[in-house]
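To keep things clear, I will list the structure first and then write my remarks on it.
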Amino acid sequence: MTTEREEQENMPEGDDLVAAEYVLGVLAHQERMIAGRRIETEKAFALHVARWQKHFDSLSDDYQPVEPPAALKSGIDRRLFGEARQVQIPSLWSSLGFWRGLAAASLLLAAVAFGREFMPLPRHSSAPMVASLEATGSPYKTMAVFDPRTDMLRLKMMEGEMPADQSLEIWLIAGNGEPVSLGLMKRDGPTEMPVKPAMAARIRDGVRLSITAEPMGGSPSGKATGPVMASGVVRTI
């Protein structure tokens, strides 16, 4: 049994507290919006949110969902208001910001897990880099991992299917520079490709990886011509 002092010592503080309150849905609207944006841009904060989500999810493991009777809601309305009416109450589960934030945290954790599955890290080594690639309105979601020790780039399509009559081409975009092709996604299974040293030296925090749909065999001009199917910023784990 924990003492009051131990409970106080275990209380979350700072960003950890904000993350816990975000998952519980007790933040004020403006604070929740700010937290949602932080999840998409700050890896450490996104991990806090994911950890608290997992923690609170476990509290309901012993309970089975029960479908309430269809007449229950209208009966409560009649008792409270004298007539049946539909009352819409904003909730955490209907919050677009919450689901976008949770998706970002989940993708981030998936990227870390995917990277470590491919690359067990020695204690002293160059840290791998990851990117979560997606695009608004696109069914494609891809995880990318780059290992600076071997200059090897690995990609795995998490959602979406390879188009039957097109190739998916991978591009590196550094700053305002022109996209440079790194190669094509494999048509089945994860993609693994060595990156030339000169190109590997350009893969750093903040550069962008993008995937476009090109004619079979890749862009004939060497420039990105098709629609962007997925895109994401590279971050160091």
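Coordinate-derived values only; no laboratory data. In this text the structure is predicted, and so the values were computed from the model without any measurement. All Cβ positions, even for glycine, are placed from backbone atoms using ideal geometry, and neighbour counts span all protein chains on display.
One decimal place: the segment Glu161-Thr136 gains 7.4 nm when fully extended, by the rule 0.36 nm per residue minus the C-alpha distance. Taking packing as the residue-averaged number of other Cβ atoms within 10 angstrom, the listed peptides 192-205, 33-46 run from highest to lowest as 33-46, 192-205. Dimensions of region 123-236 based on its C-alpha atoms, expressed as ranges along the principal axes with the largest first, amount to 44, 27, 24 Å. A cut-off of 5 Å between modelled amide H atoms, ignoring neighbours fewer than 5 places along the same chain, links Met229 with Ile211, Thr212, Ala213.
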